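Report on the following structure.
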Amino acid sequence: MTASWLLHSPPVTPRSHATRGTELVRLRLPDRPGSLAGVLGHLATHGVDVLGLEVLDRSSGVAVDDLLLS
């Protein structure tokens, strides 16, 4: 099941990280329970490991998070 906000979110361009094989991705999601969990579950289904997570902002009903993925 894919959330409708995921289908309509603007594309995110990953930025290369210093470590080979990792990507730093910035997410902008609705700040409500389950939003981040849905994305992380989808990534896990496709074998993507989350190496790190930093919450950058939670204002105006939107959460901005940086994910370090491998």
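Explain nothing, just compute: Karplus ³J(HN,Hα) = 6.51 cos²θ - 1.76 cosθ + 1.60, θ = phi - 60°, for every residue of region 26-38 in order, whole Hz, x for Gly and Pro.
Coupling constants for region 26-38: 9, 10, 10, 10, x, 7, 9, x, x, 4, 5, 4, x Hz.
Under 5 Å between amide H atoms, partner at least 5 residues away or on a different chain: which partners does L51 have, H built in plane at 1.01 Å?
The list, which skips near neighbours in sequence, is L68, L69, S70.
Check T22: other-chain or 5+ apart residues with amide H under 5 Å from its amide H, H built from backbone geometry?
H17
Out of residues 5 or more away from A63 or on other chains, whose amide H comes under 5 Å of its own, with H placed 1.01 Å from N in the peptide plane?
L29, D31
Please list, in order along region 54-62, the HN-Hα scalar couplings obtained from phi with the Karplus expression 6.51 cos²θ - 1.76 cosθ + 1.60 (θ = phi - 60°), rounded to whole Hz, x for Gly and Pro.
9, 7, 9, 7, 9, 10, 6, x, 10
Given a 1.4 Å probe and heavy atoms of the protein chains only, how would you sort S60, S35, largest accessible area at the top?
S60, S35
The values are calculated or read from the model by the stated rules, or taken from the named source; none is laboratory data. Because the structure is predicted, anything quoted here is derived from the model rather than measured. Heavy atoms of the whole protein, side chains included, go into the accessibility calculation; ligands, DNA and RNA do not. Shrake-Rupley method; radii C 1.70, N 1.55, O 1.52, S 1.80 Å.
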